[in-house]
Amino acid sequence: MTHGAPAKKTPTNDDEEVVPPPDGGWGWAVVFGSFMIHIIADGFTYTLGIFIVELMWYFDEGSERTSWIASIMVGVTLGSGPIVSSLVNKYGCRTITIVGALIAALGLGISTLANGVTTLYVTIGLLAGFGFGLIYLPAIVSVTCYFEKKRSFATGIAVCGSGIGTFIFAPLTEALIKTYSWRGALLIITAITLNCIIFGALFRPLETTRPRRKRTTSEMAVEMVEKEKLMAINEESDHSPADSARRSAHDVALNGETRKIDQDKPTNNTLMVSTAVGDASLARMARSQPHLLQVPGDVAGEDNRKFGSYGHLPSNRDAEMGITVSSRKGSTADMRSQHGGSGVMYRKDALYSGSMLNIPEYRADPKGFSGSVMRIPEDTGSGTTNENEKVKVCGLIPCSKESYDAYMEMMDFGLLKDPVFILFTISNFCTSIGFNVPYVYIKDKALELGIPSANASFLLSVVGIANTIGRVILGYISDKPWLNRLWLYNGALTICGLATAFSAFCDDYVTLIVYCATFGFTIGAYVGLTSVILVDLLGLEKLTNAFGLLLLFQGIASLVGPPIAGRLKDNLGSYDAGFYLAGAMIAASGLMLFFIPCLQRWTKSKTKVSDVSTKMAPIH
């Protein structure tokens, strides 16, 4: 009942109702698929530094030129987020993940034929980077679709694959390169990447509808009585507005159009008619003669008890009038029926990885929340929402309406007017500059200290296992009501940055292990708590927009971070300056966020002063 066939495009049929995410069932298969994809995709990404060392020696290139391979790949993976979101919204998580696995494998496979680092910029950097970008977003969104109450636990399991993948791939890559050279190792990893197709196939679209319960004989009898009453009233008022409305509704039904009826309140049995489609005759009847559209209290009460906030049980009267009931007003199923495509990214909480119990809207109405949808940006260029309609991004690139909606929601730069978001964006940018430097250069740094190659590669395994432990512990305590999540996030980044800067003083294997464990544990907050902090600071309504812009800036910062450290190495002959810079950027990113409460108070006081000035302004 909770998985199987793809969701239908008309979930508002009378014989269907919207169901909440199951918090289990097939969702655990989705979690497993996401976990394995994180192992493969992130395992390769975070151990690419082992390949970088080999490629520097093989092609006789400097640190800067070779590091661009990793920088371009990570930058494209993150920067493609808004584009990937639009594709997911159109085609769904499963399809995009499979296509991404094919593109990533193609890029890695072609790389085995490269005769220079410039070719690898394209094959690994652009092709594989975009392929992993197509995998990255669906691997998270697919899990959030299936879980609400257990979401924090489920996403925690899924993203732990990242650290475990780093732990596994570091010695694996080292052994493959030693045995088969870098070309053979890359070919084997290409075959491993193709397994993402199988794991992506587990991302079945969540069924958003299920057949309604069959009506009992007593319920059918009550409906027949009400139907007869309605027919009697209609016969007595042939020329009344109600008769006109009934004929209008019949004509609309013949034309294939429907009216959506939403419950005003759970305790109110009067049905309010939407005038969004067609003429307003039904709405006029609802205002002038509301008793004609009233559900008997006993039937409505029974429906509310059995179906909660999902909607009322449709009657034969509704079907006769050509009216269909929209279960869960504002649900993603409803949005999909209006806009076409999968509609996954229309959900406000699609990118939220924390516990839903932290969301006030969810605590207020858990049953009615799961169908909530985000604000759909207005399309000033067209007044229609036909799913077959094509719109153009930047006036050049044609795409479907639902893809355009998701893209524009993520790329709405109006959020950059918010001082709090600006500060958080600057912090993320600084973190991203230093984030990849240890992953890319820690092995080469260890080799310069005379540490054997196998032991140097194992340092990345230490980062991976510490990262897994860090994500679990930090994610667990971040859900505690007594803890300030922002301070936890800031403190973790500050410690991570200081440790990275002081790693320049690590001159033996033991101290490097201590540094890698510290780095891996604390950097887990950056990856695992970003969406949670965004919701705390900006609210759930702005999460999709904020996350999309952050991915864009993270991609830019990740693109330039390792090459800067590489240039310092080439010029100064040591990685110390690069690690100083990376550590300073990460530490600064954490320290600056401690000023957010002050900024919030300043913004709030400024708003109050503005409101008072507006009220006191003389009226001319």
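Normalised by residue number, the volume inside the convex hull of the Cα atoms of the stretch 58-157 is 108 Å³ per residue.
Spin-label model, Ala454 to Thr179: label points 7 Å out along the Cα-to-beta-carbon direction sit 1.3 nm apart.
Computed with a 1.4 Å probe over protein heavy atoms only, the accessible area of Cys430 comes to about 20 Å². Here each label is just a point 7 Å from Cα along the line to Cβ, and for Trp482 and Phe502 those points are 2.8 nm apart.
In this simple spin-label approximation, Leu416 and Phe32 carry label points 7 Å from Cα along the Cα→Cβ vector, and these lie 4.5 nm apart. Considering only Thr468, Phe502, Leu534, and ranking their Cα positions along the charge dipole of the stretch 467-543 that arises from unit charges at the beta-carbon of Lys, Arg, Asp and Glu, the one farthest toward the positive end is Leu534. Against the empirical 2.2 N^0.38 Å (N residues), the stretch 479-604 has a Cα radius of gyration ratio of 1.20.
The charge dipole of the stretch 488-596, taken about the Cα centre with unit charges on the Cβ atoms of Lys, Arg (+1) and Asp, Glu (-1), comes to about 200 debye, rounded to the nearest 20.
Stretching the chain fully between Ser574 and Ala201 yields a gain of 129.7 nm (0.36 nm per residue, less the alpha carbon separation).
Accessible area per residue was computed with a 1.4 Å probe on protein heavy atoms; Lys542 scores about 90 Å².
The values are calculated or read from the model by the stated rules, or taken from the named source; none is laboratory data. What you are looking at is a predicted structure, and each value in this text was computed from that prediction instead of being measured. Glycine gets a Cβ as well: all are built from the backbone with ideal geometry, and neighbour counts include every protein chain shown. Surface accessibility is based on the protein's heavy atoms, side chains included, excluding ligands, DNA and RNA. Shrake-Rupley method; radii C 1.70, N 1.55, O 1.52, S 1.80 Å.
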